[in-house]
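Shown next, in structure tokens, is the structure this report addresses.
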Amino acid sequence: MTVLDTATQVLTTKYQRSVADYWNKEKDPVNMRLGEVDGTYHHHYGIGDVDWSVLEGDEGTREERIVKELHRLEGNQADYLLSQLGDLGPEDRILDAGSGRGGTSFMANLRFGCQVDGISISEEQVKFANDQAEERGVAGKVAFHFRNMLHNDFPDAAFRAIWNNESTMYVDLHKLFAEHSRVLQPGGRYVTITGCYNDVHGRQPSRAVSQIDAHYICDIHPRSDYFAAMSANDLVPISVVDLTAATIPYWELRAKAAVASGIESAFLTAYKEGSFHYLMIAADKV
Ligand code: GPP
Ligand code: MG
């Protein structure tokens, strides 16, 4: 029998290795500068009204005001996601699938006091987030693991809730929801916030959506795939909210920031032409 090293067990395809490599190297100012505002590092976008007054006044501190405002909107998004997870308490255990540098997991622990496990295929992200857990003094309650969300190695029915905050576009949804369904307790809640393409616009992704795919090496799914894969895996939607209008102001502000990454115009085009939605889906495991 061949003994496989951990990386070989976690990363089972060349595609997954290339995605892991991207996130192991990623230190983009649009994420690091925003995280430095208060030490909570996100890998997702923002929602809510922009305070456009940040563009006015002293030029020397303008970028700092924009960075703070973008960070506030990303915090709003994570708060909104957590508010969809249902009634959770300190006795619960929950899973952040695709946990990045840990932002949403730490917010979940602060909000519910419960045990949070985060998983990522980026060893650098896992290390960063575990270092943060130590610094925050919550390492006993919030732990990050180098694991694959398609075969997460947790026992059956281990979790009361699971979420993906903008991480489903890297995986096959049928495989993902089969695995989530296995580790969710009956009556447990699943929530995702995701960018998905609009089946009504066309059966294939638009040019702007394809540009987003190329930028992040991901494969944005059509809206229909989410519901087909959920219903095939005992996940019954309870709430679906189109957050597209709520995220456009974030992108408009981000397009004016020095920390802009260059992908802003593709998001704005995709959302405004209707080929792409920013969606929250909450479902219960039956
Ligand atoms: C990254 O967030 C999010 C993704 C890679 C998923 C793509 C999301 C879609 C909705 C299509 P990030 O904070 O690392 O990205 P950025 O560096 O652009 O801020
Ligand atoms: Mg970001």
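Things worth noting here:
- Net charge dipole size for the chain [Lys, Arg +1 and Asp, Glu -1 on Cβ; Debye, nearest 20]: 460 debye
- The count of lysine pairs in the chain whose Cα atoms are under 21 Å apart, excluding pairs fewer than 8 places apart on the same chain, comes to 10.
- Mean Cβ neighbour count within 10 Å, used as a protection proxy, ranking 146-158, 116-128 highest first: 116-128, 146-158
- Candidates 69, 252, 59, ranked by Gaussian network fluctuation over the chain, Cα under 10 Å, top entry: 59
- Solvent exposure of the stretch 210-270, expressed per residue, is 40 Å² of accessible area, with all protein chains present and a 1.4 angstrom probe.
- Sulfur and carbon atoms: percent of accessible area, the chain [1.4 Å]: 51 percent
- When the trypsin sites (Lys or Arg not before Pro) in the stretch 158-226 are filtered for DSSP coil states and for at most 16 other beta-carbon atoms within 10 Å of their beta-carbon, the remaining sites are 203.
- Paramagnetic reach from residue 64 (point 7 Å along Cα→Cβ, amide N under 19 Å) across the stretch 34-50: 34-40
- Residue-averaged [θ]222 nm for the chain, counting only DSSP H segments that reach four residues, each worth -39500 (n - 2.57): -13000 deg cm²/dmol
- Per residue, in Å², the accessible surface of the stretch 94-187 once ligands and nucleic acids are set aside, probe 1.4 Å: 35 Å²
- Between 191, 200, 171, the residue with the greatest mean-square fluctuation in the GNM of the chain (Cα pairs under 10 Å linked by springs) is 200.
- Ranked by the mean number of other Cβ atoms within 10 Å of their residues, highest first, the peptides 4-14, 95-105 fall in the order 95-105, 4-14.
- When every Cα-Cα distance of the chain is counted in 10 angstrom steps from zero, the calculated P(r) takes the values 6, 29, 37, 22, 5, 1, 0 percent.
The values are calculated or read from the model by the stated rules, or taken from the named source; none is laboratory data. None of the values given here were measured: they were computed from a predicted structure. Cβ atoms come from the backbone with ideal geometry, glycine included; neighbour counts cover every protein chain shown. Just so you know, the surface numbers come from the protein's heavy atoms only, side chains and all, with ligands and any DNA or RNA stripped out. Shrake-Rupley method; radii C 1.70, N 1.55, O 1.52, S 1.80 Å.
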